[in-house]
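A.B. asks: Pasting a structure below so you can have a look.
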Amino acid sequence: RKGETLPPGHRALRTEQEERDYQAVVSRMDVIFGSDKTKVIVLPDILEMDDLSKEYTRSLLPYKSRGWCYFELAIARHFGRVCGDVPRKLRSLDPSIWLDMALSGKLVFSDPADLPQVVKVFKRTHYARKVEDLVRAMEEGRCESVKEGVQMALTALNGKVRLRVLQALGQIDCSGFLPSLVILMEDSDSGVRAEAITVLSRLGVEKTGQEEGIIQHFTDGHYAVRCAALEAIGTLGAKAERHRDAIAACLSDTSWTVRETAMATLSKLDTGLPMHSTSIAESLSSNVPSTRVAALGTLFQMKKAAGEHADRVFQVAKLDLYGFVRDAAILTLRSMGRDDLAREAMEIPDEEETPQPR
């Protein structure tokens, strides 16, 4: 009824449950009109309204002045979801100016109470379009002036936008965005989850109070997130000792990258390596050369304490297909104090057996 609210008791008024359902839908309207499963057809005019019940009044408000219509068109155009050509008279409706028009009162909603919620939803797309401006502002030390935009861009539908903003936040003091970072650890995009954990670690794992939350990601479904979590806990140094068993469990991860990261993290603990040297030595049988080298490097740090694995290291030094792996194994044998095995692996005779020149 031309922007007027419905009278009390009208049958079209929503119940409390319907209102909750409605608000839930409104909060995701940009998802509906921005989805790659959605095709939008723009019909700016409905000419046949003869069957309209007499209890309703036909609105003569132009399409371009209707808040919901323009919102839906702006989102659909931004994501390229409009089928066919946009009608000529609507081509001038730029998605980027919707927010200014809404806030200045140039757009009308059937229920004026919808405006704040729709504005909030639209900002998610509005600031996603301005992501490079936001990043530039952060790089120039103007983060506080664009804080709202940064927070909204962190909720953008496009994972690449969320990741771009996170990467920029990682280069500055972003403690003011801690609540958003915590939420993004559970993001649907694995790259975003990993980056959120990395940014939190730069702020200080203990300082953020997210130590346990990060530990939970040791079992994340994506290897990059598991690696990021291990590296983050590794920043605790010796204090990560309290998580030694959880870190050691990652030595048997299906991903060689995670196993390597787990070894690197254990190496930062006072007792991590000696207590789990057997699990580390198991990685000498990995079919990934870099994992074998990582295991050798970890055993190298243990020196003579890893001596019980000298025979396995000798087999690598003698038989591995890759020269750089064999070289690493020989250095590891020497660090264990097993020069005899290192010389044998290189097929160098003992000094007393070396023929003396006549």
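The values are calculated or read from the model by the stated rules, or taken from the named source; none is laboratory data. All values reported here derive from a predicted model rather than from experimental measurement. Here Cβ is always computed from backbone atoms with ideal geometry, including for glycine, and neighbour counts include all displayed protein chains. We work out accessible area using only protein heavy atoms, side chains counted, and drop any ligands, DNA or RNA first. Shrake-Rupley method; radii C 1.70, N 1.55, O 1.52, S 1.80 Å.
A.B. asks: Looking at the chain as a GNM with Cα springs under 10 Å, which of Ala246, Ala12, Ala306 has the largest mean-square fluctuation?
C.D. replies: Top of the fluctuation ranking is Ala12.
A.B. asks: Right, next: So, counting K/R as plus one and D/E as minus one, what does the shell of residues with Cβ under 11 Å around Arg193 add up to?
C.D. replies: -3
A.B. asks: If I take every Cα pair under 8 Å that is 6 or more residues apart in segment 132-262, average their sequence separation and divide by the length, what percent do I get for the relative contact order?
C.D. replies: In percent, rounded to a whole number, it is 17.
A.B. asks: Tell me the per residue accessible area of the chain using a 1.4 Å probe; a whole number in Å² is fine.
C.D. replies: Per-residue accessible area for the chain comes out at 56 Å².
A.B. asks: Let me ask another. So, counting K/R as plus one and D/E as minus one, what does the shell of residues with Cβ under 15 Å around Val26 add up to?
C.D. replies: Numbers: positive: Arg14, Arg20, Arg28, Lys120, Lys123, Arg124; negative: Glu18, Glu19, Asp21, Asp30, Glu72, Asp111, Asp114.
Overall, the nearby charge balance is -1.
A.B. asks: Cut-off under 12 Å on the C-alpha distance; same-chain residues fewer than 8 positions from Lys239 excluded. Which aspartates and glutamates are left, in chain and number order?
C.D. replies: Glu206, Glu211, Asp270
A.B. asks: When only alpha-carbon atoms count, how far does segment 159-215 stretch along each of its three principal axes, as whole angstroms with the largest first?
C.D. replies: Taking the Cα atoms of segment 159-215, the three principal extents are 28, 23, 15 Å.
A.B. asks: Give me the net charge of Ser180's neighbourhood, meaning all other residues with Cβ under 11 Å from the Cβ of Ser180; Lys, Arg count +1, Asp, Glu -1.
C.D. replies: +1
A.B. asks: Would you list the P(r) distribution for segment 159-297, with all Cα-Cα distances sorted into 10 Å bins from 0 and each bin expressed as a whole %?
C.D. replies: 13, 42, 31, 13, 1
A.B. asks: Using a basic spin-label model with each label point 7 Å from the Cα along Cα→Cβ, how many nm lie between Leu115 and Ala238?
C.D. replies: Reported label-point gap for Leu115 and Ala238 is 6.2 nm.
A.B. asks: For the chain, what percent of Cα pairs sit more than 28 Å apart?
C.D. replies: Across the chain, Cα pairs with separations above 28 Å total 62 percent.
A.B. asks: Compute the orientation-averaged projected area for segment 209-274 from the convex hull of its Cα atoms and round it to one decimal in nm².
C.D. replies: Details: hull surface 15.3 nm².
Result: 3.8 nm².
A.B. asks: Report the label-to-label distance for Ala24 and Glu144 in nanometres (one decimal), using points 7 Å from each Cα along the Cα→Cβ vector.
C.D. replies: Label-label distance for Ala24 and Glu144, simple model: 4.0 nm.
A.B. asks: Starting at 0 and stepping by 10 Å, how many percent of the alpha carbon pairs of segment 82-183 end up in each bin?
C.D. replies: 14, 38, 30, 15, 3
A.B. asks: With each label point set 7 Å from Cα along the Cα-Cβ vector, what nm distance links Ser92 and Leu319?
C.D. replies: Rounded to a tenth, the inter-label distance reads 8.0 nm.
A.B. asks: Taking a 29 Å limit on the Cα-Cα distance, which of the listed pairs Lys268/Lys304; Lys64/Lys123; Lys106/Lys160 fall beyond it? Don't skip to the end; give the middle numbers.
C.D. replies: Details: Lys268/Lys304 18 Å; Lys64/Lys123 19 Å; Lys106/Lys160 32 Å.
Those over the limit are Lys106/Lys160.
A.B. asks: Rounded to the nearest 0.05, what FRET efficiency is calculated for Lys207 and Glu132 with R0 set to 30 Å and r the Cβ-Cβ distance?
C.D. replies: Details: r = 30 Å, r/R0 = 1.00.
With a Förster radius of 30 Å, E is 0.50.
A.B. asks: Ok, one more. Could you look at the chain and say what percent of its accessible area is carbon and sulfur, using a 1.4 Å probe and all protein chains?
C.D. replies: Exposed carbon and sulfur together represent 52 percent of the surface.
A.B. asks: Run lengths n ≥ 4 of DSSP H only: what is the helix-derived mean residue ellipticity at 222 nm for the chain, with -39500 (n - 2.57) per run over all residues, to the nearest 500?
C.D. replies: Value at 222 nm, helices only: -15000 deg cm²/dmol.
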